[in-house]
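The values are calculated or read from the model by the stated rules, or taken from the named source; none is laboratory data. Worth saying up front: this structure is predicted, and the values here are computed from it rather than measured. No Cβ is skipped: glycine too gets one built from the backbone with ideal geometry, and neighbour counts run over all protein chains shown.
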């Protein structure tokens, strides 16, 4: 009985790992987004972007990238799975 429980846990972990890997292997996804939340905690900078469809994506960014982003900025976000690639602000500023 205990071996079945352990086997079930192992299978669940493998399934979650495979889903995460598939998301990170997807193509770059440039989308229009708004910066919803800028969170700076020590050395970790996380930006939450809200896509036009309402979906929110939280991505870790570098210090240099985070220093140029403010809540409310809009532009084109490019990301690859869970990895931030770029954010190009709209020319007209905030929308």
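Structure notes:
- Within the range 85-95, being more than 28 Å from residue 17 (Cα to Cα) and modelled with pLDDT of 90 or more holds for 88, 89, 90.
- Of the residues making up the range 79-95, those that are loosely packed, with under 15 Cβ neighbours inside 10 Å, in a strand (DSSP E or B), in contact (Cβ under 8 Å) with a residue 12 or more places away in the chain and over 9 Å from the mean Cα position of the chain (by Cα) are 85, 88.
- Close contacts from the range 37-56, counting a first residue that is loosely packed, with under 15 Cβ neighbours inside 10 Å and a second that is assigned to a loop (DSSP other than H, G, I, E, B), with Cβ to Cβ under 9 Å and a gap of 6+ residues or different chains, come to 37/71.
- Here residue 82 passes the criteria (1) touching a helix residue (DSSP H, G or I) at 6+ places or on another chain (Cβ under 9 Å); (2) at pLDDT 90 or above except the one numbered (2).
- Selection of the range 39-77 for residues being at pLDDT below 90 and not in a loop (DSSP other than H, G, I, E, B) yields 39, 40, 41, 44, 63, 64, 65, 66, 67.
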